[in-house]
Amino acid sequence: MDGFISRKRPRLLNPNEEPKHESPDPREDTTDTKLAILLSLFPAIKQDELLDILVSCEGSVENVADLLSVKDFTAGTTVSKKRAVASSFGVQTSLSSHVFTTAEDGSMKPMHENARKRILPPPKKGKTLHLYSPEDITTYTPCTIIHNFLPAKEADTLLLELLDESKHFSRYDFQLFNRTVQSPHTHAVYVSTPEEHRQQTSEYTYGGTYRSNVRQATPQLRAVSSQVQRIINNEINKRIRDVYPDGKKLQYQSPKEWRPNAAFVNCYDGPSESVGYHSDELTYLGPHPVIGSLSLGVAREFRVRQIVPQEDDETAEDDHKADKTGPVTNFARNQTTSAARVDAQGQISIHLPHNSLLIMHAEMQEEWKHSIAPARTISPHPISGNRRINITYRWYRDTLHPRYTPRCKCGEHTILRCAQRKHETRGRYMWMCYAGFAPGKEGCSFFQWAEFDDDGDPMWGKKVIRDEAPTLTNFSASQ
């Protein structure tokens, strides 16, 4: 993000200047030279648009040529490739408007007219693709972003309310290598009623422990929840219609209306506070959950990377059985290979400005990992300074109340995970012991495959659990 915040926008090429197609050393190519090369290769595309694509490709002419490697739209010639290297990036218009697909009548159509045809390859090894426009984010990730989600005054009011609340936030503890460490940001969980407060502190667990920092939803948090619910349900229906095969929901995805009944509020105080790559726990959300994430205050980078199945036993997670050494050792092994996987697969960075709602759709938690990256510098927000407040609205499903979830051999609640690495088990769900992450506890090797019907409700034997569990109150319905 440093380049986006601090670097000046490159000077546009003077149209009267004669283009220079070669540079003695590609590493010394200027932006003007690169633009001249691209203008000669793509005369049908405006200079400003080529500049936006160039900065989104980190200054690489070769990557731009790969991106636009279709027939030239005016001359019918094949795009050639020139090699150049640079490292700046900046504000970006939609990449999709410059990527073309072939329509049924043989004509070329902009890609954004058919988001299901994904032409762009994933980011190359060790590279980060920076996305800013809602069209690109919807096309190349399982996310939707809505900028300026709330009226400006309402967003500022909510930010001020939660900044005041953040004085009561705390860091959660977890165990790693037989020592207790703390989360790199503070948080609190918000619910609607005293009964839900009791449930969250004595029945529901997270990371192998009961939550201690549970608070009652604030007035503004309740008011915003109804808007979040309405917009997210609209976007879910739109994605099912426009992106999913045959216009049908995913298997195990709930057909019911999405109803937020819990909110996790995080505070990132300064550029170094972050959260590493992870998938959110599915234990009470169920398979293919949808999560809404509202960002307030200082802008930060939200990074995502797709989980690629691996057959290498030395680097792949052993998803289909619990390691005899316990979950802490598993976690440590996974952390040591995480950086290598990012380097091998590349990653996508989504810019999250103040008052933006990011929707993580149903395939996100099973097929992708996400993080908030540390930043070397950030641009302070006029209200929050260096702080970012993030609200993740979640729907705890009634059929996954803790009374139904299995207990492991050590008597603790198990967590629900999805197998992600092994081809033969990818997409299956499992109950596992997670006690080894809780300070002062030791985990066991408990493992049990989880079975769900097509709507994501759990099946114990032949019985489908549906409506017997206590119901958490919908935020917006409890106003």
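Mind telling me which of the residues F452, F447, F475 ends up being open to solvent by less than 70 Å² (accessible area, probe 1.4 Å) and at pLDDT below 85?
F475
Can you pull out every residue in the stretch 245-269 that is closer than 19 Å to T141 by Cβ and not in a loop (DSSP other than H, G, I, E, B)?
P245
Listed here are the residues, each with its yes/no results for (1) in contact with a strand residue (DSSP E or B) (Cβ under 8 Å, 6 or more places away or on another chain); (2) open to solvent by less than 20 Å² (accessible area, probe 1.4 Å); (3) more than 15 Å from I291 (Cβ to Cβ).
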position	(1), (2), (3)
M360	yes, yes, no
A373	yes, yes, yes
I378	yes, no, yes
T399	yes, yes, yes
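Here are some conditions: (1) of a type in the set (G, A, S); (2) modelled with pLDDT under 95; (3) crowded, with 17+ Cβ neighbours inside 10 Å. S183 meets all but one. Which one does it not meet?
With (1) of a type in the set (G, A, S); (2) modelled with pLDDT under 95; (3) crowded, with 17+ Cβ neighbours inside 10 Å applied to S183, the lone miss is (3).
How many of the residues making up the stretch 295-308 are in a strand (DSSP E or B) and either open to solvent by 20 Å² or more (accessible area, probe 1.4 Å) or not basic (K, R) (or both)?
Within the stretch 295-308, residues that are in a strand (DSSP E or B) and either open to solvent by 20 Å² or more (accessible area, probe 1.4 Å) or not basic (K, R) (or both) number 8.
Tell me which residues, restricted to the stretch 419-431, are modelled with pLDDT of 90 or more and either acidic (D, E) or in contact with a His (Cβ under 9 Å, 6 or more places away or on another chain) (or both).
Across the stretch 419-431, the qualifying residues are A419, R428, M430.
If you go through the stretch 377-398 one residue at a time, do you hit one that is out of contact with any Phe, Trp or Tyr (no Cβ under 9 Å at 6 or more places or on another chain) and farther than 29 Å from C267 by Cβ?
So far as the stretch 377-398 goes, yes, one or more of its residues are out of contact with any Phe, Trp or Tyr (no Cβ under 9 Å at 6 or more places or on another chain) and farther than 29 Å from C267 by Cβ.
Taking only the stretch 157-190 into account, find how many residues are assigned to a helix (DSSP H, G or I) and under 24 Å from the mean Cα position of the chain (by Cα).
5
Yes or no, residue by residue, for (1) surrounded by 21 or more Cβ atoms within 10 Å (Cβ to Cβ); (2) in contact with an Asp or Glu (Cβ under 7 Å, 6 or more places away or on another chain); (3) modelled with pLDDT of 55 or more; (4) not in a loop (DSSP other than H, G, I, E, B):
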position: P271; (1), (2), (3), (4): no, no, yes, no
position: G276; (1), (2), (3), (4): no, no, yes, yes
position: D280; (1), (2), (3), (4): no, no, yes, no
position: L285; (1), (2), (3), (4): yes, no, yes, no
position: S293; (1), (2), (3), (4): yes, no, yes, yes
position: Q310; (1), (2), (3), (4): no, no, yes, no
position: T325; (1), (2), (3), (4): no, no, no, no
position: V342; (1), (2), (3), (4): no, no, no, yes
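The values are calculated or read from the model by the stated rules, or taken from the named source; none is laboratory data. Computed from a predicted model, the values in this text were never measured in an experiment. Positions of Cβ are generated from backbone atoms using ideal geometry, with glycine treated the same way; all protein chains shown enter the neighbour counts. All accessible areas refer to the heavy atoms of the entire protein, side chains included, with ligands and DNA or RNA removed. Shrake-Rupley method; radii C 1.70, N 1.55, O 1.52, S 1.80 Å.
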